[in-house]
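Here's the structure we're looking at; comments come further down.
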Amino acid sequence: MTECAYPTHRGKLVSLYMTQWPVGYLIAAWTTYGSFRIPSSWSWRLPSLLQVIPSIVQLTLSIFAPESPRWLIYNDRTDEAVEMLAKYHADGDRNSPLVRFQVAEIQAILGEEKENGSMKWPEFIRTRGNRRRLLILLFVGYVMQWSGNALTSYYLPKVLDTVGIRTAKTQLLINAVLSIWQTGCSIVFALLIDRVGRRGLILFGTCTMLVVFIVWTIASAIDQERDFQESGLASAMVAMIFVFQVGYQPVGAASVLYVTESALFSLRSKTAMIFQACGYTASVFNNFANPIAMNSITWRYYVVYCVILALEVLITFFFLPETKGRRLEEIGEVFDGPYIVPKFNTLRKIETELAGESVIPSKGNTVDFNEGIN
């Protein structure tokens, strides 16, 4: 998606891709809420079985997905790359200035990467820019799982138990309503990705989650001290679970886009793999530590996430650069500097020659070639 999207649509498209997680959560939440009333083992078999349907749809539609033009050019299949870019970026016009520039730019960048043999794992630590990319990749990958989100999703029943909401029906209803709210938040922030920026959304999200956990921790402590007798405190903590999504969804919208567009092409697949590995290894901790901690120290466990989120805010503010408003190949300047980008002057010459021309995107709207460049 990152490599195939129209340049000025890349941010929104990749971020909207991430909204499919909460959409799936919404379907699952309301399915389990409905099947809860089935007086047999089908109360859990049905939700499990229905998960096969999206997989079949995805498998079928993936057959029609286009190949990445960068992969095609990297493997000396330039004609196919031109055809793909013309079809999806220029209404089939192979001579479109946008297509010509994209091909020239991709060839210049990938040609240099080929010469350097930069597809091997040590490339992640070879240069200062790549080391920075790797640290950001690890940070964002773990932020997605170590921000307290597991407590508001996988362990939501245990969290609700701590505030005195213990009936299964009520917990399932809260979970189902939360899924609607979560989906709405994810779509809104995905559409704001190019206005607010990747760094801006992550910073806003981590700050919001930190405030939520501070309030949540204080309210939980008071509620337990008063033996869960005040319904107002319980309601406030449930409200914080919903406010938490206002913080978590911006991070979700920006995370995959941020790490994939920051990576060199030759390391992009490895970057995606490391990002997924971060999520899985963080989930191991969540699966084993969270339930034990919730049972043993209840609300005091929230303090751990207050500290983690405070660190995430500081790292985001001081360490993460902004990448919005740049073409995919141009993002290298953010990490490596303008004079490090290979054949930089040649690319600028091509850009200058084509800057006065316009391109016609698939929707038929005339878009100035400069859009998305600066």
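Bear in mind these aren't lab numbers, they're just calculated from the coordinates by the rules spelled out. The model shown is predicted, which means the values in this text are computed figures rather than measured ones. Cβ: placed from backbone, ideal geometry, glycine included. Neighbour counts: every protein chain shown.
Just so you know, the Rg over Rh for the stretch 176-215 is 1.04, from Cα atoms, with Rh as the Kirkwood radius. For the stretch 120-337, relative contact order (Cα pairs under 8 Å, six or more residues apart, normalised by length) works out to 36 percent. Helical content alone sets the calculated 222 nm signal of the chain at -23000 deg cm²/dmol, taking -39,500 (n - 2.57) per DSSP H segment of four or more residues and averaging over every residue. The distance separating the Cα centre of the stretch 13-45 from that of the stretch 283-299 comes to 24 Å. With a bin width of 10 angstrom, please list the P(r) values of the stretch 52-175 as percents of all Cα-Cα pairs, from the 0 bin to the one holding the largest distance. Over the stretch 52-175, the share of Cα pairs per 10 Å bin runs 10, 20, 21, 24, 13, 10, 1 percent. Between 235, 220, 41, where does the largest GNM mean-square fluctuation fall for the chain, given springs only between Cα atoms within less than 10 Å? Greatest mean-square fluctuation among the candidates belongs to 41. Expressed as a fraction of 2.2 N^0.38 Å, the value expected for a compact globular protein of N residues, the C-alpha radius of gyration of the stretch 120-337 is 1.10. Listed by chain and number, the aspartates and glutamates whose alpha-carbon sits under 16 Å from that of residue 270, ignoring those within fewer than 8 places in the same chain, are 3, 113, 123, 261. Summary value for the chain: 26 percent relative contact order, contacts being C-alpha pairs under 8 angstrom separated by 6+ residues. Comparing 238, 23, 57 in a Gaussian network model of the chain, where Cα atoms under 10 Å apart are tied by springs, the biggest mean-square fluctuation is seen for 57.
Annotation: for a label point projected 7 angstrom from Cα along Cα→Cβ of residue 284, residues of the stretch 129-164 with backbone N closer than 19 Å are 138-147, 150.
In the chain, one over the average inverse separation of all distinct C-alpha pairs is 22.8 Å, which is the Kirkwood hydrodynamic radius. Using Cα springs under 10 Å in a Gaussian network model of the chain, which residue among 115, 67, 333 shows the largest mean-square fluctuation? Checking each option, the largest mean-square fluctuation is seen for 115.
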